[in-house]
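Have a look at the structure below before the remarks.
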Amino acid sequence: MSQIGEFIIALIVLLGALLGALSAFGLIRLPDVYMRSHAATKSATLGVLLILAGAFLYFTFYLEHVSAKLLLGIIFVFITGPVAGHLNGRAAYRSGVSMWDKSVHDDLKPALKRERERMRESQAVDSSKAGVNEES
């Protein structure tokens, strides 16, 4: 039983390392910042989570020590990795970084256009209220 558990833990850690390598390959080979962000957030986050899970399982079953630090690390990476990737992509899009030439659909363009129109309308309402307040 002990060798089977060690083999499973080693397999989990190896799979995490392979996903990390795949993420690095994606960061090098993919054509634009949006696809690179996808590679960095999806596979790198999953790879790190698998490595941390393997370490947690090893400490729990073989050293009989439940590591709160590893659990917190797993939760932290699970939450912050995708959020950071989303914010990087959003910042790139809003700053005008162009998509890959062969991209066929831009889902964010109509939503961003509606948001900009709402901002203009609210600024116009705010400026008209300021003008009314000044006349009073």
If you go through segment 78-114, how many residues are part of a helix (DSSP H, G or I), charged (D, E, K, R) and open to solvent by less than 60 Å² (accessible area, probe 1.4 Å)? 0
Quick test of your reading of the structure: residue 48 fulfils all but one of (1) open to solvent by 50 Å² or more (accessible area, probe 1.4 Å); (2) closer than 30 Å to residue 6 by Cβ; (3) in contact (Cβ under 8 Å) with a residue 40 or more places away in the chain; (4) not basic (Lys, Arg). Name the failing condition by number. (3)
Show the residue pairs meeting these rules: Cβ distance below 7 Å; 6+ apart or different chains; first residue within segment 60-77 and open to solvent by less than 40 Å² (accessible area, probe 1.4 Å); second residue hydrophobic (A, V, I, L, M, F, W, C) and part of a loop (DSSP other than H, G, I, E, B). 60/66
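Does residue 117 qualify as being among the acidic types (Asp, Glu) and open to solvent by 90 Å² or more (accessible area, probe 1.4 Å)?
When the stated conditions are applied, residue 117 does not pass them.
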Unmet criterion (only one of (1) part of a helix (DSSP H, G or I); (2) surrounded by fewer than 16 Cβ atoms within 10 Å (Cβ to Cβ)) for residue 39: (2)
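The values are calculated or read from the model by the stated rules, or taken from the named source; none is laboratory data. Note that this is a predicted model, so its numbers are computed, not measured. Note that each Cβ is placed from the backbone with ideal geometry, even for glycine, and that neighbours are counted across all protein chains shown. Surface areas here come from the heavy atoms of the whole protein model, side chains and all, with no ligands, DNA or RNA. Shrake-Rupley method; radii C 1.70, N 1.55, O 1.52, S 1.80 Å.
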